[in-house]
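Novice: Mind having a look at this structure? Questions to follow.
The values are calculated or read from the model by the stated rules, or taken from the named source; none is laboratory data. Because the structure is a prediction, the values reported are computed rather than measured. Every residue, glycine among them, receives a Cβ derived from its backbone with ideal geometry; neighbour counts consider all protein chains shown. Surface accessibility is based on the protein's heavy atoms, side chains included, excluding ligands, DNA and RNA. Shrake-Rupley method; radii C 1.70, N 1.55, O 1.52, S 1.80 Å.
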Amino acid sequence: MKNRVIIFDTTLRDGEQALMASLTVEQKLRIARQLARLNVDVIEAGFPLSSPGDFESVTTIAREVKGPVICGLARLIEKDIVTCGKAVKPAERARIHTFIGTSAIHTEKKLRMSENDILDRVTRSVKLARRLCGDVEFSAEDAGRTGPDFLCRVVETAIAAGATTVNIPDTVGYTTPEHFAKIFDDLFNRVPNIDKAVISVHCHNDLGMATANSLTAVSHGARQVECAVNGLGERAGNAALEEVVMAIKVRKDLFRIATGINTKEIMRTSKLVRDICAMPVQANKAVVGANAFAHSSGIHQDGMLKAKNTYEIMTPQSIGLKETRMNLTSRSGSHMVKTRLLDLGYREEEFDLDELYARFKALADKKGTVYDDDLITLVEAKSHEDLGDRFVLEYLNVSSGTGTVPTATARILVDGKVHQEAACGDGAVDAATNAIDRITGYKLTIENYRLDSITGGREAQGRVLIVGRCDEGVFTGTGTSTDIVEASAFAYMDIVNKIARMKRFRRKLPRQKGD
Ligand code: KIV
Ligand code: ZN
């Protein structure tokens with residue numbers, strides 16, 4: 001155990017309690033199954049006494065999810081502990097996690113209990129939990145603001161009563177790494193039975209130090225880290241699982257310890273949690289943000305082309321991402337533009353790099369990011385002038401509303417011939433794009449969808465930007481209308497016409513790599 005850190009995931013408990021809407025049993029089960037694939041050691045599945053729905057979720061996960069320990073939360077109150085014991089009982093390996101506030105702020109103001117009353121309650125309740133379950137975790141809530149003497153007494157009492165794990169939470173994200181190191185050193189030096197339990201850490205991110213504090217605790221003896229996917233959790237969230245795990249992996253030279261996490265499942269888990277919890281991940285979020293493996297600066301891109309470790313401390317593959325992304329912007333050098341064109345299948349003799357790069361810079365200054373389709377248009381610009389759109393949207397009718405399946409009918413001229421198709425979808429835009437797909441035969445994955453209002457008032461014009469991916473590459477399309485669905489359809493048509501143009505060029509000038 002000395003060289004292994006237990007990863008205790010609390011996405012479904014601390015993370016879920018911070019969401020706008022509770023998750024259903026099915027949603028929690030899907031996340032729990034993915035957490036098992038990620039190979040977390042412990043899943044804190046919920047707080048069984050808090051609602052019948054939470055009880056149901058915890059007990060379902062306990063019954064269905066194999067591998068990790070399944071844990072439920074309980075206050076240091078008999079009925080909480082008994083209910084929790086029932087909920088986790090079906091698990092292969094079950095844990096009851098029970099807690100009480102220990103800082104003066106909590107004991108005096110919230111609980112109105114003396115220190116001796118708290119110690120007495122710890123003994124009785126931990127003993128009760130141990131009679132119900134062999135694996136019992138005790139948390140000293142607000143340990144970060146608990147006086148050192150009392151914290152040592154609480155920890156000693158919990159272990160003496162049978163707690164197998166004792167958790168030291170920084171409930172309000174108040175500590176700093178140095179302060180936290182002192183708390184852990186104190187515990188390890190002063191609590192006589194400290195070696196009889198696993199010492200755990202649980203940090204909140206109110207001052208942005210949750211990961212740093214958790215890692216400091218590991219360096220000072222903690223062997224369990226409580227964390228949540230994408231850093232979800234109360235207020236500013238908990239320590240992010242992906243940050244803790246990747247820091248331990250990337251800096252194994254410092255930590256000399258490992259987790260059992262299958263890091264290649266990190267990205268998939270992050271996306272699933274993002275989608276099910278409807279909690280977006282900021283683009284510059286460490287490890288799992290959209291920009292975490294994207295390079296924009298020309299100097300960085302040049303370095304990356306020469307050696308990946310110039311600007312990447314971990315590989316995208318190590319967290320389950322396919323590849324690094326190079327954003328083509330006005331800061332990109334000509335070397336990067338040339339590399340991208342070669343990747344797209346062009347041969348060097350097909351473009352004049354100096355001339356093309358000048359036009360690229362002008363476009364990038366106007367547009368920001370230059371996507372693959374923009375780059376192709378730049379290369380093919382002369383021939384484009386006499387090429388019209390292959391697909392022309394003549395008519396689009398979409399019906400959607402509460403209780404009806406969104407349906408769309410599209411009529412499109414394909415090379416001048418009329419084609420009409422109808423399709424349903426998850427929403428009005430999905431139905432419209434499905435109807436268009438049926439006619440064009442292209443299958444696009446929408447990677448990004450953005451709607452901006454470009455005029456004011458009720459009849460505001462909306463501009464939709466879609467970034468779509470298909471076998472031919474990544475394309476962007478824009479469309480404008482007072483009707484959002486129509487603007488989306490126009491943006492989508494913009495993309496399909498770009499694909500058609502590209503296919504036409506490819507037929508004329510087949511230049512796949514290796515030709
Ligand atoms: O932040 C906290 O103190 C908690 C405990 C219940 C562990 O979430
Ligand atoms: Zn918490």
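Novice: What spacing in nm lies between the two simple spin-label points modelled at Thr445 and Phe188, each 7 Å away from Cα in the Cβ direction?
Specialist: Here the answer is 4.4 nm between the modelled labels.
Novice: Moving on to the next point. Determine the per residue accessible area of segment 116-266 with all protein chains present and a 1.4 angstrom probe, expressed in square angstrom.
Specialist: Result: 38 Å² per residue.
Novice: Rounded to the nearest 10 Å², what accessible area does Lys196 have for a 1.4 Å probe in the complete protein model?
Specialist: That residue has around 140 Å² of solvent-accessible surface.
Novice: Round to a whole number: what % of the accessible area of the chain belongs to carbon and sulfur, probe 1.4 Å?
Specialist: Ligands and nucleic acids excluded, carbon and sulfur give 50 percent.
Novice: Given the protein chains as shown and a 1.4 Å probe, how many square angstrom of Glu56 are accessible, to the nearest 10?
Specialist: 90 Å²
Novice: Using a 7 Å offset from the Cα along the Cα-to-Cβ direction at both Lys89 and Asn3, what is the distance between the two label points in nm, to one decimal?
Specialist: 4.1 nm
Novice: While we're here: Given a Förster distance of 30 Å, report the FRET efficiency between Arg112 and Asp206 from their Cβ-Cβ distance, rounded to the nearest 0.05.
Specialist: Approximately 0.75, to the nearest 0.05.
Novice: Moving on. Once the piece of chain linking His179 and Ala283 is laid out straight, how much longer is it, given 0.36 nm per residue of separation minus the C-alpha distance between them? Intermediate values should be presented prior to the final figure.
Specialist: Numbers: separation 104, 0.36 × 104 = 37.44 nm, distance 3.07 nm.
Extending this stretch completely gives an extra 34.4 nm.
Novice: On full extension of the chain, what length is gained from Val418 through Leu19, given 0.36 nm per residue of separation minus the C-alpha to C-alpha distance?
Specialist: Here the segment from Val418 to Leu19 would lengthen by 138.8 nm.
Novice: For Glu265, tell me the accessible area in Å² from a 1.4 Å probe, rounded to the nearest 10.
Specialist: Its heavy atoms expose roughly 30 Å² to the probe.
Novice: Another one. Assuming R0 = 35 Å, can you tell me the calculated FRET efficiency for the pair Ser334 and Lys503, based on Cβ-Cβ distance, to the nearest 0.05?
Specialist: According to the calculation, E is roughly 0.80.
Novice: Relative contact order for the chain: what is it in percent, counting Cα pairs under 8 Å that are at least 6 residues apart?
Specialist: The normalised contact order for the chain reaches 9 percent.
Novice: Further question on the same structure: Can you tell me the dipole magnitude for the chain around its Cα centre, using point charges on the Cβ only (Lys, Arg +1; Asp, Glu -1), in Debye to the nearest 20?
Specialist: 1100 debye
Novice: Please sort 29-35, 393-399 by packing, taking for each peptide the average over its residues of neighbouring beta carbons within 10 angstrom, highest first.
Specialist: 29-35, 393-399
Novice: How long is the gain from Arg359 to Ala294 if the chain were fully straight, where each residue apart is worth 0.36 nm and the alpha carbon distance is subtracted? Could the numbers behind the result be given before it?
Specialist: Values: separation 65, 0.36 × 65 = 23.40 nm, distance 2.32 nm.
Contour length minus the Cα-Cα distance gives 21.1 nm.
Novice: Can you order the peptides 178-189, 286-297 by their average number of other Cβ atoms within 10 Å per residue, highest first?
Specialist: Ranked from most to least packed, the peptides come out as 286-297, 178-189.
Novice: Between Asp452 and Ser51, what FRET efficiency follows from the Cβ-Cβ distance if R0 is 60 Å, with the result rounded to 0.05?
Specialist: The calculated FRET efficiency here is 0.95.
Novice: As an exercise, identify the trypsin sites (Lys or Arg not before Pro) in segment 88-135 lying in DSSP coil whose Cβ has no more than 13 other Cβ atoms within 10 Å. Walk me through the numbers before you get to the answer.
Specialist: Details: sites: Arg93, Arg95, Lys109, Lys110, Arg112, Arg121, Arg124, Lys127, Arg130, Arg131; in loops: Arg93, Arg112.
Answer in residue order: Arg112.
Novice: Then there is this: What number comes out for accessible area per residue over segment 294-380 if the probe is 1.4 Å? Units Å², please.
Specialist: Computed with neighbouring chains in place, this is 51 Å² per residue.
Novice: Under a point spin-label approximation (7 Å from Cα along Cα-to-Cβ), what is the Ser399-Glu349 distance to one decimal in nm?
Specialist: Between Ser399 and Glu349, the label points sit 6.0 nm apart.
Novice: Further, regarding this structure: Can you work out the accessible area per residue across segment 391-506, with the rest of the protein chains kept in place, probe 1.4 Å, in square angstrom? Walk me through the numbers before you get to the answer.
Specialist: Details: 5850 Å² over 116 residues.
Computed with neighbouring chains in place, this is 50 Å² per residue.
Novice: What does the helix-only formula give at 222 nm for the chain: each DSSP H stretch with n ≥ 4 adding -39500 (n - 2.57), the total divided by the residues, and the result rounded to the nearest 500 deg cm²/dmol?
Specialist: -12500 deg cm²/dmol
Novice: Sort Cys424, Cys84 from largest to smallest accessible area, using a 1.4 Å probe on the heavy atoms of the protein chains.
Specialist: Cys424, Cys84
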